[in-house]
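The values are calculated or read from the model by the stated rules, or taken from the named source; none is laboratory data. Since the model is a prediction, treat every value here as computed from it, not as a measurement. Cβ atoms come from the backbone with ideal geometry, glycine included; neighbour counts cover every protein chain shown.
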Amino acid sequence: MENRTRYAFHVTGQTGWINDPNGFSWYGDKIHLFFQHNPYKNTWGPMHWGHVTGTDFVKWTYEKIALSPDRPRYDSIFGAFSGSAIEFQGKYYLVYTGCNLRRQTQCIAVSDNGVDFTKYDGNPVLDKKDLPKKSSIANFRDPKVWEKGGKVYMLVSAKNKYGGRSRLLLYHTNNMTEWSYGGVVFSNQKAKTAALGHMMECPDIFTLGGTDVLIISPQKVKGHKNRDASVYVTGKLNYGTGGFECAEKNVREIDNGTDFYAPQTMQTPDGRRVMAAWMATWNRVPINALLGCGYAGALTFPRELTLSDGRLFQNPVREIERYYTERYEEKITLLGGTRYIEELSGKVQNITIEFLPTGGKTGISVFDDGKGNGLKIYYENRTVTLDRSKVIRDFYPSPSATTAVCDTPSDAKKIKLRLLMDKYSCEVFVCDGYSAMTTTVAPLDAQIKTYIFSDEEVFVTVARDRIEVK
Ligand code: FRU
């Protein structure tokens, strides 16, 4: 069968469906990564929490399912929705949304070994009575927890009863079971921009270099690639009032590609902020399900985040370099046209191309069959375009699902495109993480070649590292 294998270094379910990353955290000398999971089907269904652990973000071990939809009182109908994890007073807690008919409540489960979780008898820990007046219990979900000054804080999203908008709410606790309301963090009620959509799903918040970064995955946005997007705003969380004071009004999309939603972050023991997202999007069947791979959906390769002049930069975690096996580098003068580079053939590799921008188009085609059918990524006039129309068979006929565009720094002297490829996916990092675009692809066996192309004479440095994960 053509192309129905596992990714080399991206997390999927062992079987079935996955969506959002959950509980991304460090506990007991390991990275824990959970995910929304329906182990029984390649479609969304009552949610479990799948679980993998590892030490380097590349190699993962499947653990048993951490949470199942088994409590008729609060989570057995739609299951254990998204949430996060934290170590508190020596124990490891999962904080998640229990979802039953028209009722979403916040629940906890606790472990002292990192693999067996016991749901708290007193669940839910946040219910209708804990909501401020305007909020609805029907859409109250996706708690993100963190510790500050001995207290645990929770950021959770709640839709308003009327008007289709939502608010992010703050709660805090000293013991994980009793939570107090701490105010409205952020609201999209009056947003002049359409960028904040309706329900703001999967919020996350963290500090980078003294600035707080708020991440949100709003549903039904306008002006973004996908119907649902993932965006960030920078500012400062006021722990006294609960309000997020924005340093700038700009709401920026985190990743401009076709397959990126519901990112969540963790902090590594060495202080890095690392983010993973669902490598798919709602309203489109994940590519591996369409291919009949036996599983549906994957998570992005984790990225290190930094902030510079209020802009979030993202780059693959450096641990991937430990799996580089063979480097190839060449400096090429391309006199316009297309050049085949045999050494860059392959589907599991890291490719970088660097060039001085010309007045025309310069780019790369990977997953190419040699007949012009490939995943094309090219720079032209300060933007980078990704076009996967020739490498997704006839799965997504809509043009809006096949192309994506992102910015380059306005003062960029050199353009650098980094492609992290893994069989069915390509994560593109532009100018050292200034922009990112994630896409999934469905190449045929013959679509394995790499070309560079340009309208004009251009000097290009290409480099390739093969990635081998045994
Ligand atoms: C985001 C989301 C969350 C919810 C989960 C359910 O993709 O809709 O809001 O908790 O998926 O699987």
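Values for this structure:
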| read-out | value |
| --- | --- |
| Residues of region 192-207 classified as more than 21 Å from LEU312 (Cα to Cα) and more than 21 Å from the chain's Cα centre (by Cα), total | 1 |
| Region 26-58 - residue that is in contact (Cβ under 8 Å) with a residue 40 or more places away in the chain and of a type in the set (Ser, Thr, Tyr) and, of those, farthest from ALA296 (Cα to Cα) | TYR27 |
| ALA276 being in contact with a Ser or Thr (Cβ under 9 Å, 6 or more places away or on another chain) and closer than 20 Å to VAL58 by Cβ | yes |
| Restricting region 62-86 to residues that are under 15 Å from THR118 (Cβ atoms) and acidic (Asp, Glu), the residue that is nearest to the ligand (Cβ to nearest atom) | ASP75 |
| Subset of region 63-99 [surrounded by 21 or more Cβ atoms within 10 Å (Cβ to Cβ) and in a loop (DSSP other than H, G, I, E, B)] | ALA66, PRO69, TYR74, ASP75 |
| Any hit, region 189-206, residues being more than 16 Å from the ligand (Cβ to nearest atom) and among the polar types (S, T, N, Q) | yes |
| Sole residue being surrounded by 23 or more Cβ atoms within 10 Å (Cβ to Cβ), at pLDDT 95 or above and touching a Pro at 6+ places or on another chain (Cβ under 9 Å), chosen from TYR424, TYR434 | TYR424 |
| Matching strands (runs of 3 or more DSSP E) fully within region 271-331 where at least 1 residues are of a type in the set (Gly, Ala, Ser) and either over 26 Å from ALA442 (Cβ atoms) or touching a residue at least 40 places away in the same chain (Cβ under 8 Å) (or both) | 273-278, 303-308 |
| Residue check for ILE351: assigned to a strand (DSSP E or B), within 26 Å of the chain's Cα centre (by Cα) and closer than 30 Å to VAL213 by Cβ | yes |
| Meets criteria (assigned to a strand (DSSP E or B) and either surrounded by fewer than 22 Cβ atoms within 10 Å (Cβ to Cβ) or away from the ligand (no atom under 16 Å from the Cβ) (or both)) for TRP26 | yes |
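Here's the yes/no breakdown for (1) at pLDDT below 95; (2) of a type in the set (Lys, Arg); (3) surrounded by fewer than 19 Cβ atoms within 10 Å (Cβ to Cβ):
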residue	(1), (2), (3)
ASN188	yes, no, no
ILE215	no, no, no
GLU248	yes, no, yes
GLY271	no, no, yes
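Conditions tested, residue by residue: (1) over 28 Å from the mean Cα position of the chain (by Cα); (2) away from the ligand (no atom under 16 Å from the Cβ); (3) basic (Lys, Arg).
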site: GLY122; (1), (2), (3): yes, yes, no
site: LEU126; (1), (2), (3): no, no, no
site: ASN139; (1), (2), (3): no, no, no
site: VAL145; (1), (2), (3): no, no, no
site: LYS148; (1), (2), (3): no, yes, yes
site: SER157; (1), (2), (3): no, no, no
site: TYR171; (1), (2), (3): no, yes, no
site: ASN175; (1), (2), (3): yes, yes, no
